[in-house]
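Heads up, the thing below is written out as structure tokens.
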Amino acid sequence: MRFHLIDRIDVLEAHRAITARKLTSRQEEFWRDEGRGPEMPTPLVLEALCQAGTWLIMGSTGLRRRAALLSADSVSFQEAVRPGDVLVMSGRVESFGDDTAVLSGTVTAGGRTVLSADAIMCALVPTEDLEDPEAVRRMYDRLTRGARITGAAPKEAAA
């Protein structure tokens, strides 16, 4: 099963930063209850931040390249995510090369930090190697509708 953990992109500054959102719903299949009430599994909170970073990479490269996670230096989970929380993923580029990028960021819910991650290293691979370029284009257009986008490369069909 594949989880789409980004509902909209609010700000995309190519090669610099992204802010994206996810409204959680009790209807989603991922909730776990370990006796404290339903919580979003912490790896999925990190995945939401990584998905935002992937959209930053794709938006910066005209949808031609995407990120594939290699490693993360440090990840800190501070609080549980509950149904109805609006997650705000804020990612920033630490370095951006031809073959790799390093990103860091936070996930907040209701103004409280629920996750922070530093030095998330990603390989940059051709989008078409992992996904259908047309499907990516449609999803990007939907996610960025109304977003503030600066410096993004023109969208081109992946070769």
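The values are calculated or read from the model by the stated rules, or taken from the named source; none is laboratory data. Everything numeric in this text was worked out from a predicted model, so none of it was measured. Ideal geometry is used to build each Cβ from the backbone, glycine not excepted, and the neighbour counts take in all protein chains shown. Accessible surface areas use protein heavy atoms only, side chains included; no ligands, DNA or RNA. Shrake-Rupley method; radii C 1.70, N 1.55, O 1.52, S 1.80 Å.
Between amide H atoms placed 1.01 Å from N, distances below 5 Å from residue 85 occur with 24, all of them 5 or more places distant or on a separate chain. Given a 1.4 Å probe and the protein chains as shown, residue 130 ends up with an accessible area of around 100 Å². Given the alternatives (i) 1.12; (ii) 1.21; (iii) 1.01, Cα Rg over 2.2 N^0.38 Å as computed for this entry is given by (iii). The label point for residue 112 and the one for residue 98, both projected 7 Å from the Cα toward the Cβ, are 4.7 nm apart.
Take the chain with all the other protein chains still there, run a 1.4 Å probe, and you get 50 Å² of accessible area per residue. Largest mean-square fluctuation among 146, 35, 110, in a Gaussian network model of the chain whose springs join Cα atoms under 10 Å apart, belongs to 35.
Over the residues of the chain, the helix contribution to mean residue ellipticity at 222 nm works out to -7000 deg cm²/dmol, using -39500 (n - 2.57) for each DSSP H run of at least 4. Rounded to the nearest 10 degrees, the inclination of helix 133-144 to the longest alpha-carbon principal axis of the chain is 60 degrees. Across region 69-121, C-alpha contacts under 8 Å between residues 6 or more apart give a mean separation that, scaled by the residue count, equals a relative contact order of 46 percent.
To put it simply, the accessible area of the chain at a 1.4 Å probe is 49 percent carbon and sulfur.
Measuring nothing but how far apart in sequence close Cα pairs (under 8 Å, 6+ apart) lie, relative to its length, the chain scores a relative contact order of 30 percent. Modelled spin labels at residue 74 and residue 34, positioned 7 Å past Cα toward Cβ, are 2.2 nm from each other.
The loop-placed GluC sites (Glu not before Pro) in region 1-83, going by DSSP, that have at most 13 neighbouring Cβ atoms within 10 Å of their Cβ come out as 29, 34.
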